[in-house]
Amino acid sequence: MHPYQAALEAAREGVLLHEQGAVTYVNPSAERILGIRRERVAGRPLIVALRDHRLEALALEGGEGTLEVRGRVLEVRAVPGVLLLWDVTEVHRRLEDLEAARHALAHEFRTPVAGMAALLEALEGGLSAEEAAEVRRLLRAEVDRLARLVEGVDFMAPQREPCFPLAELKPRLERFLSGMLKARGARLVWDAPHRVRADPDAVYQVLLNLVENALKYGPPGEVLVVSEPYEGGLRLEVRDYGAPLEEYKGLFQPGRRGVHAASVRGSGLGLALVRRVARGWGGEAYGRAWAEGNAFGVTFPPERVG
């Protein structure tokens, strides 16, 4: 194989060569991006391989652009006889998620900060000992809320990816949520004996969001953390004993909250961030009903399971 051809075969971008309106070469990346088999389109008209008149026009006329083609976002550049393709679907999706998360975070941070400012003004205005004690209690609650928000932002850029036992995270979660667990009369029941290859801080933040949601919106009592094999990989989920929800998928959209959240403060941000970080390690976030309530969790692909 000629070195140039070897380079084309190994290229990450899709490369399609054409002459006089017919396909002469398609590399493996272009096969994947276009969803075609190159042996079936070789020598045939461009439209057979591209299956989109906008792509065909770019290939023939030259230029560049970003197109949504069959549910995928493609960056395309065309020069005479050559069409270059980049699948940027995941990049666009992550940018959209980050923008939505930015707006939600800004709103979520403003609320406790405004509350703390009002409480400090009340303290400065002079209060009785009993009133001052109550204000200090409310200030502590707002500080704890800010701490949880800051913890929730830490996993936006995970870096370390050792293979570690999930059991390592249980004491850390119990320490951080001790006040909330006590207030709700709840306890963590841990049945997650597996190991995963991921950033421990990222997995911790996922579990923190899911356990905190279960404590906020579920009934008092036990909150279960369970890991089990799933589709060749692993799923890690938090279960409560609440009444099954009517819908789960939409709750992972930024700003969406369930019907049980009407009396609980929050922006609906947590599950959207859980979904983002799970996709970062090649998994997915989900919600489902289980035999005795609701379960929210994340999956790990086979290569992430120790």
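The values are calculated or read from the model by the stated rules, or taken from the named source; none is laboratory data. Keep in mind that what you see is a predicted model, and the values were worked out from it rather than measured. Here the Cβ positions follow ideal geometry from the backbone for every residue, glycine too, while neighbour counts run over all protein chains shown.
How many residues does segment 1-34 hold that are in a loop (DSSP other than H, G, I, E, B) and more than 36 Å from the chain's Cα centre (by Cα)?
Filtering segment 1-34 for residues in a loop (DSSP other than H, G, I, E, B) gives 1-2, 11-13, 20-21, 27.
Then keep just the ones that are more than 36 Å from the chain's Cα centre (by Cα); that gives 1-2, 20-21.
Summing the residues that are in a loop (DSSP other than H, G, I, E, B) and more than 36 Å from the chain's Cα centre (by Cα) in segment 1-34 gives 4.
Which one of these is within 29 Å of residue 278 (Cβ to Cβ), free of Cβ contacts under 8 Å to residues at least 24 places away in the same chain, of a type outside the set (Phe, Trp, Tyr) and crowded, with 16+ Cβ neighbours inside 10 Å: 68, 56, 75, 99? Please lay out each step first, then the result.
Numbers: 68 fails: crowded, with 16+ Cβ neighbours inside 10 Å; 56 fails: within 29 Å of residue 278 (Cβ to Cβ); 99 fails: crowded, with 16+ Cβ neighbours inside 10 Å.
On inspection, the qualifying residue turns out to be 75.
Please specify each residue of segment 188-224 satisfying the condition of being closer than 21 Å to residue 161 by Cβ, among the β-branched types (Val, Ile, Thr) and either touching a residue at least 40 places away in the same chain (Cβ under 8 Å) or surrounded by fewer than 20 Cβ atoms within 10 Å (Cβ to Cβ) (or both). Lay out the reasoning, then the answer.
Residues of segment 188-224 closer than 21 Å to residue 161 by Cβ: 192-210.
From what is left, the residues that are among the β-branched types (Val, Ile, Thr) are 196, 203, 206.
Residues satisfying the conditions are 196, 206.
Could you look through segment 129-164, keep only residues that are at pLDDT 70 or above and of a type in the set (Gly, Ala, Ser), and pick out the one that is nearest to residue 98 (Cα to Cα)?
147
Could you run through segment 170-194 and say how many residues are of a type in the set (Asp, Glu) and in contact with a Lys or Arg (Cβ under 6 Å, 6 or more places away or on another chain)?
0
On the given criteria, is residue 78 outside the structural domain of residue 142 (by TED's automatic domain parsing), farther than 30 Å from residue 143 by Cβ, of a type in the set (A, V, I, L, M) and at pLDDT below 95?
no
How about segment 124-143: which of its residues are of a type in the set (A, V, I, L, M, F, W, C) and part of a helix (DSSP H, G or I)?
Passing the criteria: 129, 132, 133, 135, 138, 139, 141, 143.
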